[in-house]
Amino acid sequence: MRYLPLARRTTLLLIFGLLLLQFTACTGKNPSTLPQQTGQGEAAASADEALVASTYVIGVGDVLQVSVWKDAELSRQVTVLPDGVINMPLIGFIQAAGKTVTVLGEEIADRISRFMPDPILDVSVIQSNSMNIYVVGKVRNPGRFSIPVDVSVLQAMAMAGGPDKFADTGDIKIFRNEGGQTRIFKFDYDDVVAGKRLEQNILLQRGDVVVVP
């Protein structure tokens, strides 16, 4: 085994020490804590996924991935049909639209348990095709917008490029279908941008239409 001369070993140790000090000074963190912080990041990501699974409501057109552990025949991608159902092997059609990812997963597991004991499965949304809002009228980029999460009226206006110079920004309306009835919300763009009447800046829901006259 060969050994480095003492002088060279000392120089290398000094260089390593200086680099370590520089890293600590720049980051303000002890390098030994990095693995722990990475683990915390993964835990936060898992918590976010669990929150989405428990709150996101599945809609028509969404593409779902149903994965059954150790059973490739039952694992597949399915699209929520216009009547709100999906079709799965063994269990047939099951209502998906209007349910959260968590609830649907529990119902699928319950039905599959009649054919296999204690199934372990995961349901996730691959494509959120049902989360659409519409911004029409005097905006720079009117149309339909797909959103992964709820957005506010002001955010929707930004997505549409903002009002054009001919828009009546004080008389914007949001149309929402609730139980077969149309509900109308008013929105004053100038007031909200100025920090006034912020309660008008509601979160939009699936299918909402923002009309800018």
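The values are calculated or read from the model by the stated rules, or taken from the named source; none is laboratory data. It should be emphasised that the depicted structure is a prediction, and the values quoted were computed from it without experimental measurement. Methodologically, a virtual Cβ is constructed for each residue, glycine included, from the backbone with ideal geometry; neighbour enumeration extends over all protein chains shown. Surface areas here come from the heavy atoms of the whole protein model, side chains and all, with no ligands, DNA or RNA. Shrake-Rupley method; radii C 1.70, N 1.55, O 1.52, S 1.80 Å.
Summed over the stretch 85-108, residues that are part of a loop (DSSP other than H, G, I, E, B) and closer than 16 Å to Glu73 by Cβ total 3.
For the stretch 185-198, a residue qualifies if it is of a type outside the set (Lys, Arg), in contact with a helix residue (DSSP H, G or I) (Cβ under 7 Å, 6 or more places away or on another chain) and within 13 Å of Val210 (Cα to Cα), and the qualifying residues are Phe187, Asp188, Tyr189. Restricting the stretch 66-82 to residues that are assigned to a loop (DSSP other than H, G, I, E, B) and within 24 Å of the chain's Cα centre (by Cα), the residue that is nearest to Ser128 (Cα to Cα) is Val80. If you go through the stretch 161-184 and keep only what is open to solvent by less than 60 Å² (accessible area, probe 1.4 Å) and either within 12 Å of Leu204 (Cβ to Cβ) or in contact with a helix residue (DSSP H, G or I) (Cβ under 9 Å, 6 or more places away or on another chain) (or both), you end up with Gly162, Pro163, Ala167, Thr169, Gly170, Ile172, Ile174, Arg176. Scanning the stretch 115-124 turns up one or more residues that are aliphatic (A, V, I, L, M) and within 15 Å of Val57 (Cα to Cα). Identify, please: which residue in the stretch 56-84 is small (Gly, Ala, Ser) and open to solvent by 40 Å² or more (accessible area, probe 1.4 Å) and is, among those, nearest to Gly98 (Cα to Cα)? Filtering first and then ranking leaves Ser67. The set of residues from the stretch 174-213 being within 13 Å of Met157 (Cα to Cα), part of a strand (DSSP E or B) and of a type in the set (Phe, Trp, Tyr) comprises just one member, Phe187.
Going by the structure shown, is Ile202 within 27 Å of Asp62 (Cβ to Cβ), of a type outside the set (Phe, Trp, Tyr) and touching a helix residue (DSSP H, G or I) at 6+ places or on another chain (Cβ under 8 Å)? Yes; evaluated as a whole, the condition is true for this residue.
Only one of the numbered conditions (1) in a loop (DSSP other than H, G, I, E, B); (2) of a type in the set (A, V, I, L, M, F, W, C); (3) under 18 Å from the mean Cα position of the chain (by Cα) is not met by Met116, and that is (3).
Residues satisfying the criterion are present in the stretch 106-116 (criterion: hydroxyl-bearing (Ser, Thr, Tyr) and either within 26 Å of Ala156 (Cα to Cα) or open to solvent by less than 60 Å² (accessible area, probe 1.4 Å) (or both)).
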